[in-house]
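Colleague: Below you will find the structure I want to go over with you.
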Amino acid sequence: MSLIVVANRAPFRLTPEGLAPAVGGLATALLPVLEARGGVWVAAGEWGEKPIAPPRESRVRLLRVPLTEREWQGYYGGFANRVLWPLCHYFLERVELRREHFQDYLRVNRRFAEAVSGAWREGDVVFVQDYHLLLLPGLLRERIRAPIGFFFHIPWPSSGVFRILPWGRALVEGVLGADLVGFHTPEYVENFLRTAAYYGFPVEGNRVRVGERSVRVEAHPLGIDTRRFRELAEDPGVGAHARALRRLAGADRLILGVDRLDYTKGVLERLLAYERLLQSYPHWRGRVAFFQIATPSRTSVAAYRELKRRVDEAAGRILGNFLREDWVPLRYFYQTYSQEELAAFYRAADVAFITPLRDGMNLVALEYAYTAGEGVLVLSSLAGAAEYLKEALLVNPYDLDGMAATLDRALRMPLGERQERLEALKGRVEALEVQGWAERFLASLEG
Ligand code: GDG
């Protein structure tokens with residue numbers, strides 16, 4: 001049976017060498033399964049974007065849902081990124097409830113439903129991805145008799161928060177068009193079940209009754225491509241680059257942060273916590289360096305430009321207060337790196353400081369733990385990954401003093417304890433292997 005994957009974005013990107021799979025969780029997780037079974041990837045034809053076809057040898061067909069500028073702005077820039085994204089990450093003051101945005105979202109979800117039902121053949125399985133397409137499973141259920149899976153990559157908030165949405169019931173009903181609904185953690189499963197119950201759907205165990213149907217809700221944590229990251233960790237070029245980065249750091253210890261520059265990732269709070277470390281634990285001055293990689297993201301949304309301004313300002317202040325002729329306390333890289341370069345940063349760092357204010361999972365934490373030679377993972381307890389990476393040092397990303405104290409502990413951790421924790425973490429990441437994720441989800445859907 002072939003597979004139809006539906007997601008906002010296409011899984012390919014154009015590089016100087018030609019077409020390549022997009023970097024990032026979704027393409028890595030789903031392309032191999034799609035290649036193996038054959039099938040279609042349906043994605044938005046973003047307004048103004050040049051269409052890219054899959055490589056010629058691929059068994060994957062790409063189907064675009066063309067959108068006008070207005071539809072794209074309303075569905076993506078509006079409802080997905082100004083309503084659902086802040087709401088699900090508990091940034092309630094950033095939520096902009098506007099009826100027109102919801103109408104665009106509904107219209108675009110319908111356009112997806114038409115495209116998918118047109119491509120669907122008896123026996124095909126449909127797998128819908130993420131918060132851009134909450135209404136799609138329900139719209140598909142009205143049109144085709146397919147097994148439908150839905151996976152939500154960001155946190156499902158507590159039902160008390162979700163209920164803020166005037167369209168909450170319609171969205172939950174949309175999701176419940178699926179046969180199997182997946183989240184990263186048991187907490188999000190629980191939140192979703194309570195939300196469904198609030199809107200009057202009977203819930204028994206992990207099942208929701210919708211008329212005659214029963215919808216299963218399960219935790220399926222996403223992992224990383226461990227084979228790829230093992231190769232990167234052993235690559236001599238990556239090793240040489242890591243040593244060069246250590247020389248550049250010019251300090252005994254190197255702390256690393258890697259994120260899309262997004263207000264949910266806690267980059268600003270993290271810089272403040274590092275500043276607090278330098279103020280409250282002065283023995284680290286001159287002995288520690290912090291490299292923060294912030295990948296440009298959603299730069300057309302005003303909130304992201306404002307965040308950039310505030311992060312620039314905090315970085316400037318830290319340098320202004322602490323920079324010495326023989327020591328650069330902070331380097332802030334606002335750019336996108338190749339995966340090889342990213343791996344070199346992981347190899348070089350003594351401490352990964354990953355402190356999102358909320359995060360569905362956070363794959364950077366997994367990548368660091370798996371790639372580092374020797375290192376300590378300091379991780380936000382509000383990231384989904386904290387549920388699985390038990391040997392990380394967990395912090396509250398809103399608590400600057402707590403984060404500074406934990407950084408100090410991480411920087412002082414004896415070698416034996418570091419090795420033990422990292423070894424255990426690598427085992428945890430191994431168990432979350434990415435190819436297994438899609439297979440397990442689809443087996444559960446079809447089983
Ligand atoms: C969403 C959810 C959930 C980052 N900078 C560069 C780069 N990256 C790669 C990382 C990692 C990926 O991007 C980021 O994944 P995350 O999981 O950390 O975060 P989101 O982008 O917010 O993803 C999240 C995820 O979906 C999957 O379900 O875990 O919670 O928010 O793989 O390595 N890659 C390259 N250059 C960069 O500069 N090559």
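Colleague: Of all the residues that make up the stretch 23-51, how many are modelled with pLDDT under 75 and either buried (at least 17 other Cβ atoms within 10 Å of the Cβ) or within 16 Å of the ligand (Cβ to nearest atom) (or both)?
Modeller: The number of residues fulfilling the criteria is 4.
Colleague: Right, here's the next one. Got a sec? Which helices (runs of 4 or more DSSP H) wholly within the stretch 138-233 have at least 1 residues that are among the acidic types (Asp, Glu), within 16 Å of the ligand (Cβ to nearest atom) and in the same structural domain as Ala115 (by TED's automatic domain parsing)?
Modeller: 186-198
Colleague: Mind checking which pairs have a first residue in the stretch 384-406 that is crowded, with 16+ Cβ neighbours inside 10 Å and a second that is of a type in the set (Lys, Arg), Cβ under 6 Å, 6 or more apart or different chains?
Modeller: If the second residue must be of a type in the set (Lys, Arg), the pairs left are Tyr388/Arg428; Leu389/Arg428; Glu391/Arg421; Leu400/Arg276; Ala404/Arg276.
Colleague: Can we say Phe290 is surrounded by fewer than 19 Cβ atoms within 10 Å (Cβ to Cβ), at pLDDT 95 or above and not assigned by TED's automatic domain parsing to the domain that holds Cys88?
Modeller: Answer is no for this residue.
Colleague: Now a separate question. In the stretch 124-143, which residue that is of a type in the set (A, V, I, L, M, F, W, C) and within 16 Å of Glu446 (Cβ to Cβ) is surrounded by the most Cβ atoms within 10 Å (Cβ to Cβ)?
Modeller: The extreme case among them is Val128.
Colleague: Tell me whether the stretch 307-321 contains one or more residues that are in contact with a helix residue (DSSP H, G or I) (Cβ under 8 Å, 6 or more places away or on another chain) and within 16 Å of the ligand (Cβ to nearest atom).
Modeller: Yes; the residues of the stretch 307-321 include at least one that is in contact with a helix residue (DSSP H, G or I) (Cβ under 8 Å, 6 or more places away or on another chain) and within 16 Å of the ligand (Cβ to nearest atom).
Colleague: If you don't mind, there's one more thing I want to ask. So which of Pro54, Pro16 ends up being within 16 Å of the ligand (Cβ to nearest atom), over 30 Å from Ala385 (Cα atoms) and either modelled with pLDDT under 80 or hydrophobic (A, V, I, L, M, F, W, C) (or both)?
Modeller: Within the list Pro54, Pro16, the selection yields Pro16.
Colleague: May I pose another question? Among the residues of the stretch 385-426, write down those that are charged (D, E, K, R) and under 20 Å from the mean Cα position of the chain (by Cα).
Modeller: Residues satisfying the conditions are Glu387, Lys390, Lys426.
Colleague: Looking at the stretch 394-417, which of its residues are of a type in the set (A, V, I, L, M, F, W, C) and closer than 21 Å to Arg287 by Cα?
Modeller: Passing the criteria: Leu400, Met403, Ala404, Ala405, Leu407, Ala410, Leu411, Met413, Leu415.
Colleague: To continue, here is another question. Of all residues in the stretch 323-337 being in a loop (DSSP other than H, G, I, E, B) and either away from the ligand (no atom under 16 Å from the Cβ) or small (Gly, Ala, Ser) (or both), which is nearest to the chain's Cα centre (by Cα)?
Modeller: Within the stretch 323-337, the match that is nearest to the chain's Cα centre (by Cα) is Pro329.
Colleague: So Val258 passes all but one of these: (1) within 15 Å of the ligand (Cβ to nearest atom); (2) more than 18 Å from the chain's Cα centre (by Cα). Which condition number does it fail?
Modeller: (2)
Colleague: Taking the stated definitions as given, is Thr299 within 16 Å of the ligand (Cβ to nearest atom), without any contact (Cβ under 8 Å) to a residue 24 or more places away in the chain and of a type in the set (Val, Ile, Thr)?
Modeller: So Thr299 passes the test.
Colleague: Can you name the residue in the stretch 277-322 that is part of a strand (DSSP E or B) and of a type in the set (A, V, I, L, M) and, of all such residues, is farthest from Tyr337 (Cα to Cα)?
Modeller: Only one residue fits best here, namely Val288.
Colleague: Under the condition of being surrounded by 14 or more Cβ atoms within 10 Å (Cβ to Cβ) and not in a helix (DSSP H, G or I), which residue from the stretch 411-447 is modelled with the lowest pLDDT?
Modeller: Of everything passing the filter in the stretch 411-447, Glu433 is modelled with the lowest pLDDT.
The values are calculated or read from the model by the stated rules, or taken from the named source; none is laboratory data. All values derive from a computational prediction rather than experimental measurement. No Cβ is skipped: glycine too gets one built from the backbone with ideal geometry, and neighbour counts run over all protein chains shown.
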